[in-house]
Amino acid sequence: MTAIQAVRGMNDILPDEAELWLEFEARVGDWLARYGYRNIRTPLVEHAQLFRRAIGEATDIVEKEMYSWRDELNDEDLTLRPEGTASCVRAAIEHNLVYDGPKRLWYAGPMYRHERPQKGRYRQFHQYGVEALGFPGPDVDAEHIAMCAALWRDLNLRDIALHLNTIGNAEERARYRADLVQHLEKHQDRLDADAKRRLHTNPLRTLDSKNPMVQEVVASAPSLIDYLGEASLSHFDGLKSLLKAADIRFEINPKLVRGLDYYNLTVFEWISPHLGAQGTVCGGGRYDGLFAQLGGKPTPATGFAMGNERLIALLREVGRKPELEAPHAYVVHQGVGTLEYAFVLAEDLRGRDLRVVLHAGGGSFKSQMKKADGSGARYALIVGEDELKAGEVSVKPLRTDQPQIRVKRDALASSLQGNG
């Protein structure tokens, strides 16, 4: 019978790698707490219309990448979430989260997009998302960027460059879009299939095309910043001023528009040169219109999401290995009645916050001691028939030259804790 394998693009994270994930997640948890962000958890499955309305019908995600299906029983179209911002805003509207003031929120978990799997891009991928709801000024935009810079320092990740742009408001983009379309139409013979397909639905996405021929066309296109009004430019100037005050370097990238329709004003990406084509490890920006788009009251908002797989890959790239906590003790047992004694002993020690591995599966005393040594434990706790009769445990140090001793069972926990 053929063995069943994981779905293409949906990967197992095995224990050796998962240890690095756990360390990464612990650091991220501490980082989020420092900035006063609180956790929100939304469903993996949402109504498909949520993402069509939020992300945009003419985006790659909605057109080609969403895992959607028809639930005939309940007469509704459902989708595995491809990103987290729309779900977060939907929850904020549904539960009236900002009725008593702005909120700083974060979420984490798997997202799903039906893409062609490659390094750094998977069909099930994981993100941390950070959203600030109800804050209108560039100060929170700057806070989000400063948060990212702080995390890169915490993780000792270098060479992650900040690309920054402003795309103004909807009215400004509409004026720009009309002139951009006019420019692109003059050069249709040099546009690739994607650019032609987006010409009248989402022409701004052509600005960050990776096709060299299309890039040449875009290079002579009008510049979006020339279409921005005083308020949009003031917001951008305020953001740049705060970043300079915090000594955060950035590169203005006028072609950066992000791939989701809900953005306005600030957009940014953090890009690493060590991941090839999938170099963006984090991206975000402002989305002041999304609340109204989803049926809520107009509410300013901004946020970002980072790709866990890509950041984990960078950690491996710089040689980061998890700091594994070895067991305090490995319990071996041999003889009639010793398993029950050892079993209860191990539970008692764990109840006192000690890390204890109980040998399972039988085997000779020699093979058990070999496994005890291989576990990395500091001590082997030996329970034989003599120890059982005396109510004691033999303690053998595995990492030092100290002699083996016998300890009364009641004194064992304090003895182990006293020796670290």
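Of the residues that make up the range 206-229, is at least one charged (D, E, K, R), touching a Ser or Thr at 6+ places or on another chain (Cβ under 8 Å) and assigned to a loop (DSSP other than H, G, I, E, B)? Checked the range 206-229: no residue is charged (D, E, K, R), touching a Ser or Thr at 6+ places or on another chain (Cβ under 8 Å) and assigned to a loop (DSSP other than H, G, I, E, B).
In the range 49-76, of all residues being over 26 Å from the mean Cα position of the chain (by Cα) and of a type in the set (Asp, Glu), the one that is nearest to residue 198 (Cα to Cα) corresponds to 76. Being part of a loop (DSSP other than H, G, I, E, B) and either of a type in the set (Gly, Ala, Ser) or surrounded by fewer than 18 Cβ atoms within 10 Å (Cβ to Cβ) (or both) holds for only one residue in 283, 295, and it is 295. Among the strands (runs of 3 or more DSSP E) confined to the range 2-117, the ones with at least 1 residues that are touching a Gly at 6+ places or on another chain (Cβ under 9 Å) are located at 103-112. No other residue among 67, 99, 37, 107 is aromatic (Phe, Trp, Tyr) and over 21 Å from residue 294 (Cα atoms) apart from 37. Of the residues making up the range 16-72, those that are of a type in the set (Phe, Trp, Tyr) and either in contact (Cβ under 8 Å) with a residue 60 or more places away in the chain or not assigned by TED's automatic domain parsing to the domain that holds residue 144 (or both) are 21, 24, 31, 35, 37.
For every residue, the table says whether it meets (1) surrounded by fewer than 12 Cβ atoms within 10 Å (Cβ to Cβ); (2) of a type in the set (D, E, K, R); (3) at pLDDT below 95; (4) over 29 Å from residue 153 (Cβ atoms).
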site: 13; (1), (2), (3), (4): no, no, yes, no
site: 20; (1), (2), (3), (4): no, no, yes, no
site: 31; (1), (2), (3), (4): no, no, no, no
site: 41; (1), (2), (3), (4): yes, yes, no, no
site: 56; (1), (2), (3), (4): no, no, yes, yes
site: 95; (1), (2), (3), (4): yes, no, no, yes
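The residues of the range 214-245 that are surrounded by 13 or more Cβ atoms within 10 Å (Cβ to Cβ) and among the aliphatic types (A, V, I, L, M), listed by number, are 214, 217, 218, 221, 224, 225, 228, 233, 239, 242, 243. Can residue 389 be described as basic (Lys, Arg), surrounded by fewer than 19 Cβ atoms within 10 Å (Cβ to Cβ) and farther than 30 Å from residue 274 by Cα? So residue 389 passes the test. Please work out if residue 313 is outside the structural domain of residue 160 (by TED's automatic domain parsing), among the small types (Gly, Ala, Ser) and out of contact with any helix residue (DSSP H, G or I) (no Cβ under 8 Å at 6 or more places or on another chain). Answer is no for this residue.
Checked against (1) at pLDDT below 95; (2) under 37 Å from the mean Cα position of the chain (by Cα), residue 347 passes all but condition (1). Screening the candidates 179, 139 for the property of being in contact (Cβ under 8 Å) with a residue 60 or more places away in the chain, charged (D, E, K, R), surrounded by fewer than 19 Cβ atoms within 10 Å (Cβ to Cβ) and in a helix (DSSP H, G or I) yields one hit, 139. Selection of the range 392-408 for residues being among the charged types (D, E, K, R), buried (at least 17 other Cβ atoms within 10 Å of the Cβ) and over 45 Å from the mean Cα position of the chain (by Cα) yields only 392. For the range 182-209, a tally of residues being under 17 Å from residue 64 (Cβ atoms) and without any contact (Cβ under 8 Å) to a residue 12 or more places away in the chain returns 3.
The values are calculated or read from the model by the stated rules, or taken from the named source; none is laboratory data. Just so you know, these numbers come straight off a predicted model, no measurement behind them. Here Cβ is always computed from backbone atoms with ideal geometry, including for glycine, and neighbour counts include all displayed protein chains.
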